[in-house]
């Protein structure tokens, strides 16, 4: 953003740059200073939303903007907003913060790092080798749901007569 004076001939006479306001942040007790433009760098993020004025941000006793979240890994998020530099440590934790703040570019870049990408690929490769993994998960969820229903029915009937079900008898009950 610049301020300039226009001469009578329509030409620009001087240009000044108006810096973005400095913002003091208290993120879970950790203090940070940055500019408003840095916090709004990704317009679709929670940070940009938080500092757009709706809802009004909370202020601590010293007049700093307060974010009620652990500030341990906020520094690398802020550094990414400033310079697009990726952290070299605590990748998973910074990824979690990036997801929370909705900074999609940081989330994507972190997921492409060897630490995150290798874990995701490794997990997918492992699960692809487990026979009928997806089907087994669906069956387990159905059994779990049915078992919870069965337990509540047994609980209700146990007021009249105590009933004990073993896992085997519960499986037989569910099969019928």
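Cα convex hull of the stretch 22-120: how many Å³ per residue?
Numbers: hull volume 8.9 nm³, N = 99.
Hull volume over Cα atoms, normalised by residue count, gives 90 Å³.
Would you mind calculating the relative contact order of the stretch 22-120 from Cα pairs under 8 angstrom and at least 6 residues apart, reporting the percent as a whole number?
It comes to 25 percent, rounded to a whole number.
None of the figures in this text is laboratory data; all of them are computed from the coordinates on show. Remember, it's a predicted structure, so these values are computed and weren't measured experimentally.
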